[in-house]
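Encoded as structure tokens, the structure appears first; notes follow it.
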């Protein structure tokens with residue numbers, strides 16, 4: 001695979017290393033206490049990863065669930081024309097004034113005309129949508145023929161599937177939600193059945209391979225080194241071992 005360097009525009013071979021995985025995991029440990037630190041590192045890494053599938057300089061990128069704008073900065077640094085959306089006002093204004101490239105809208109009803117963007121991107125949103133298949137269909141719809149849909153999410157049976165209620169989600173989402181509220185004295189930000197849903201790796205892969213309007217380019221665990229991509233192809237194992245799962249699609253003509 002070829003990766004477009006987000007700073008200099010140079011091409012290099014994209015091969016996720018073990019050291020990259022360690023760096024991302026260490027950053028993830030600060031996700032709750034220092035979100036600025038974690039999400040800036042994640043955004044830069046994501047843009048680099050996406051550059052292996054599509055040239056970003058001059059490309060129109062739609063970010064479904066862009067939140068407070070961490071990804072906006074990284075995509076613009078790579079030369080992309082960025083548009084992001086998020087339905088949550090709190091997320092849009094988490095760092096103060098919303099980024100000028102962000103709009104309030106739902107991922108299941110994208111206010112974008114069909115076949116109009118080069119890249120449709122989403123990071124850690126699918127598990128928060130009550131109809132993930134509609135969101136995926138919308139992402140494909142707005143992408144131009146030959147364009148890329150890049151979507152990653154946290155599978156329900158992964159160690160972080162319950163988000164802040166993990167690992168108790170393995171005993172049931174409602175149980176984990178009640179336990180968190182009892183222990184912390186407040187409900188979790190990600191409420192199972194309301195803003196957090198059980199989305200498996202197998203179900204998303206099945207949808208992707210049956211999609212009539214796009215071809216599967218690749219599926220893989222997002223944070224793992226290159227030699228661990230085999231995990232995506234092993235039923236059951238991939239549900240627990242993926243941590244975060246990626247599906248890359250190319251829109252058909």
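Values in this text are rule-based calculations from the coordinates and carry no lab data. Keep in mind it's a predicted model, so treat the numbers as computed, not measured. Note that each Cβ is placed from the backbone with ideal geometry, even for glycine, and that neighbours are counted across all protein chains shown.
So what is the calculated 222 nm ellipticity per residue for the chain, using -39500 (n - 2.57) for each DSSP H run with n of 4 or more, over all residues, to the nearest 500 deg cm²/dmol? Before the final figure, lay out each step's value.
Numbers: 8 runs with 76 residues, N = 253.
Counting only the DSSP helices, I get -8500 deg cm²/dmol.
For the chain, find the longest principal axis of its Cα atoms and tell me its angle to the long axis of helix 35-50, 0 to 90°, nearest 10.
40
Sorting 215, 45 on the 10 Å Cβ count, fewest up front, what's the list? The partial results should precede the final answer.
On the way: 215 12, 45 19.
Sorted ascending by nearby Cβ count, the order is 215, 45.
Can you tell me the length gained on complete extension of the stretch residue 88 to residue 194, counting 0.36 nm per residue apart and subtracting the Cα distance?
Result for the pair: 36.8 nm of gain on full extension.
So for the chain, averaging the separation of alpha carbon pairs under 8 Å that are six or more residues apart and normalising by length, what relative contact order in percent results? It would help to have the intermediate numbers written out before the result.
Values: 503 pairs, mean separation 41.9, N = 253.
RCO, the chain: 17 percent.
Once you have a ≥ b ≥ c as the square roots of the Cα gyration tensor eigenvalues for the chain, tell me rounded if a/c is under 1.5, and otherwise prolate or oblate according to whether a/b is larger than b/c.
Values: a/c = 1.36, a/b = 1.28, b/c = 1.06.
Rounded is the answer for the chain, as its axis ratio a/c remains below 1.5.
Which one of 57, 186, 30 has the biggest mean-square fluctuation once the chain is modelled by GNM with Cα springs under 10 Å?
186
Using a Gaussian network model of the chain whose springs link C-alpha atoms within less than 10 Å, name the residue from 243, 156, 227 with the highest mean-square fluctuation.
With Cα springs under 10 Å in the chain, the top fluctuation among 243, 156, 227 is at 227.
What length, rounded to one decimal in nm, is gained on full extension from residue 25 through to residue 237, with 0.36 nm per residue of separation minus their alpha-carbon distance? Spell out each step's value before the answer.
Numbers: separation 212, 0.36 × 212 = 76.32 nm, distance 1.99 nm.
Contour length minus Cα-Cα distance gives 74.3 nm.
Length gain on complete extension for the stretch residue 116 to residue 15, per 0.36 nm per residue less the alpha carbon to alpha carbon distance? Don't skip to the answer; put the middle values down first.
Working: separation 101, 0.36 × 101 = 36.36 nm, distance 3.00 nm.
Gain on extension, residue 116 to residue 15, equals 33.4 nm.
When you count, for each residue, the other Cβ atoms within 10 Å and take the mean per peptide, how do 233-240, 120-127 rank with the highest first? Show your work: numbers first, answer last.
Values: 233-240: 13.8, 120-127: 23.5.
The peptides rank, most packed first, as 120-127, 233-240.
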